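Notes for the one structure printed next.
None of the figures in this text is laboratory data; all of them are computed from the coordinates on show. The shown structure was predicted, so the numbers you read here are calculated from the model rather than taken from an experiment. Using ideal geometry, Cβ is built from the backbone for each residue, glycine included, and neighbour counts are taken over all protein chains shown.
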């Protein structure tokens, strides 16, 4: 099935056009600077043909229209007719408690998405705009919503509840949701395949370390805990997000500095994390460079980052009552052997032994990096969220076809 | 690269019979992508920054290069202050400044769909500027005047586009105050009103519809309160600090009325009160004699470091209750 995957942000749309049987990405690209001067469309076809166009794109609908146009283009395109697009898969950040898996989009689902805006005011409105735009432009094509939060809907209540008055959970849905679901799902399933064991028998800890960072405890294929919570701020240290924090500390800071809600929010999301600690950079590559040159706060940021990963590995091994594999993915997880090594220091008691040679071996493919005596597998798996969205979209559409035929 | 390169793929599709882009509905209300700000003092800087922050390209027009430089420096300084408060980042600053350009030539405004005037509240000045812009700008361009007390109708009369002239009353500091009064002049069209209300929402403001009347809502209500606080001080009922503390704690105000007056500038307060008094004729709008006295003494508030309170170089109150 040929499926168009759309990931709509505030001023950008990323897309991939995937053939799910062969898993070939026929074309991919992005539209950036929507609603600003000099919008850019970057498009790349599977045969390597690349094109970059500049112009004005006033809103998401025009953005999607351009994406369709370039897919249909004689010179750069991959299809001859719009109807060759058999389905559209939309990445949606927040599905709340209502969406526990991917869904075929209809008006009832759209109402549900509207209700989730309150939970993700920065992301969901743009996702909805993208869906509306594609519905207008491809009225006969089925659409599927795939949620960042859905994979974590299996968290038990004792893992997702905060120690707050219960009425707040009932009234505003204040609980832990977790994010990066498609990534955690994909790499945990790949880990089971690589371990050559049925997924329902393995305990896997997945570490998605990229721009945003989160870990998940995946027991028998189900997420039972994850580090991000009500928002993506909780948990690990990130580029510019603080991660775990005593909530009373932020209240104290707001009082001392006279900060408004939006200032405090920007501080936690944009001025904290590795950037906040080091004062140097939010980019792990630069943090490592500076730390190696002896910059004390860059070193501290690195240490805090890796310590948190290590701490959660211990916690999640305990949560699952066992551990078969640790997976690293995301930009940092896939490309920073220093982070993987430092995160696993001292975990021999858990049966985790890294092979230093394999760890530092640079590659773009899936690879095991543990010592042959390690009881726990340590695996690097490049993530592929778009493929997960495409496969899920394919599944939902095929089920629907079966049901109606 | 050609600015409209994207249209090539649409044209190509048209040739191959793939269907045209849905033409934009001429009646639908869309975002403004380019605006002009004429007169870039404190308010103009705030408006320009706010617009750029939401992705709008802003052209600043000032009377000379020196003022233009000062305006741009003022915006940068404001963003730096916000960075020091963790509200923004260096990359936010880069993005905001990249969408702001300056000019001293009115004719650069010609092709822009929206012009916002933020000159000092002086009727003759505003009329002169709008009359000039009226001849230069595209007839469809909407003119916004940012005024707290002047008549939008009267300002609009200086142009041949009265249906497309409207008032927007921003409050200082623009980027932090989330309300804006959208002021209809007598001849402002409904469509202009709806477009500018949409523009206010685009700026992340909550718009309040206001029909032209002296002082609108915010100024009309806050000024008599400030004036009354000055009478209370003058009549020896309480100290400046006492008055402000009472109102702050009693009614959950962020600033007391006297500190608020200092921030607005006492000369401005005086002009606004006189305007209300003149227009509405009611004694309750008579400027307090203490205000007059302080303006004559040149104690204009925060901007002169001295008003009802004294201020240090960072604009913080140093010694309280000094207005005798």
- [ ] Per DSSP H run of n ≥ 4, the term is -39500 (n - 2.57); total these for chain B, divide by its residue number, and report the mean residue ellipticity at 222 nm rounded to 500 deg cm²/dmol.
- [x] -13500 deg cm²/dmol
TODO: Send over the per residue convex hull volume for chain A, Cα only, as a whole number of Å³.
DONE: 168 Å³
Task: Pair residue B:221, residue A:74: separation of 7 Å Cα→Cβ label points (nm) - done: 6.4 nm
- [ ] Report the normalised scattering of region A:1-76 as log10 I(q)/I(0) at q = 0.12, 0.22, 0.23, 0.24 Å⁻¹, calculated by the Debye formula with identical scatterers on the alpha carbons.
- [x] -0.30, -0.95, -1.02, -1.09
Open item on the list: Given N residues in region A:2-147, what is its alpha carbon radius of gyration divided by 2.2 N^0.38 Å?
Closed with: 1.02
TODO: Based on alpha-carbon positions alone, could you give the equivalent ellipsoid semi-axes of region B:150-191 from the gyration tensor, as √(5λ), descending, whole Å?
DONE: 23, 10, 7
Open item on the list: For region B:102-149 and region B:234-269, what is the centre-to-centre distance using only Cα atoms, to the nearest Å?
Closed with: 35 Å
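Can you give the convex hull volume of the alpha carbon atoms of region A:166-223 per residue, in Å³?
In region A:166-223, the Cα hull volume divided by residue count equals 93 Å³.
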TODO: Kindly provide the pair-distance distribution of region A:196-385 built from C-alpha pairs, with 10 Å bins from 0 and whole-percent values in order of increasing distance.
DONE: 9, 35, 35, 16, 5, 0
Open item on the list: Based on Cα coordinates alone, diagonalise the gyration tensor for region A:313-393, multiply each eigenvalue by 5, take square roots, and list the semi-axes in whole Å, largest first.
Closed with: 23, 17, 11
Open item on the list: Run the Debye formula on the Cα coordinates of region A:363-405, all scatterers equal and no solvent, and tell me log10 I(q)/I(0) at q = 0.17, 0.18, 0.27, 0.33 1/Å.
Closed with: -0.64, -0.67, -0.90, -1.03
Open item on the list: Using a Gaussian network model on chain A with a 10 Å cutoff between Cα atoms, which of A:87, A:264, A:27 fluctuates the most?
Closed with: A:264
Task: Sequence of B:226, B:155 once ranked by neighbouring C-beta atoms within 10 Å, starting from the fewest - done: B:226, B:155
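From the helices alone, meaning DSSP H stretches of at least four residues, give me the mean residue ellipticity at 222 nm for chain A, per-run term -39500 (n - 2.57), in deg cm²/dmol to the nearest 500.
Value at 222 nm, helices only, nearest 500: -12000 deg cm²/dmol.
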Task: Kirkwood Rh, angstrom, region B:34-211 [1 / mean 1/r, Cα pairs] - done: 16.1 Å
- [ ] Specify the angular offset, from 0 to 90 degrees and rounded to the nearest 10, of the alpha carbon long axis of helix B:42-53 from the longest principal axis of the alpha carbons in chain B.
- [x] 40 degrees
- [ ] Starting from the Cα coordinates of chain B, work out the convex hull volume and express it per residue in Å³.
- [x] 163 Å³
Open item on the list: Based on the alpha carbons, how large is the Rg to Rh ratio for the protein assembly as shown when Rh follows Kirkwood?
Closed with: 1.02
TODO: Starting from the Kirkwood radius over alpha-carbon pairs of region A:322-361, derive D by Stokes-Einstein at 20 °C in a medium of 1.002 mPa s and give it in µm² s⁻¹.
DONE: 199 µm²/s
- [ ] Please express the shape of region A:75-223 as an equivalent ellipsoid: the semi-axes are the square roots of 5 times the eigenvalues of the C-alpha gyration tensor, given largest first in whole angstrom.
- [x] 29, 23, 13
Task: region B:220-304: mean projected area of Cα convex hull, nm² - done: 5.3 nm²
Open item on the list: Rounded to whole Å, give me the distance from the Cα center of region A:142-167 to that of region A:179-241.
Closed with: 14 Å
Task: Estimated Rh, region B:167-252: Kirkwood, alpha-carbon pairs, angstrom - done: 15.0 Å
Open item on the list: Under 10 Å, Cα contacts only: if you run a Gaussian network model on chain A, which one of A:101, A:48, A:276 comes out with the highest mean-square fluctuation?
Closed with: A:48
Open item on the list: Among DSSP bridges having both ends in region A:196-385, what percentage is antiparallel? Round to the nearest 5.
Closed with: 60 percent
TODO: Largest first and to the nearest Å, give the Cα extent of region B:56-128 along each principal axis.
DONE: 41, 26, 21
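Got a sec? How would B:131, B:84 order by Cβ neighbour count within 10 Å, fewest to most?
Values: B:131 14, B:84 9.
The order, fewest Cβ neighbours first, is B:84, B:131.
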- [ ] Taking only Cα atoms and a 10 Å spring cutoff, compute GNM fluctuations for chain A and point out the largest among A:51, A:31, A:204.
- [x] A:51
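Can you tell me what percent of all Cα-Cα pairs in region A:209-294 are more than 21 Å apart?
Cα-Cα pairs of region A:209-294 separated by over 21 Å account for 39 percent.
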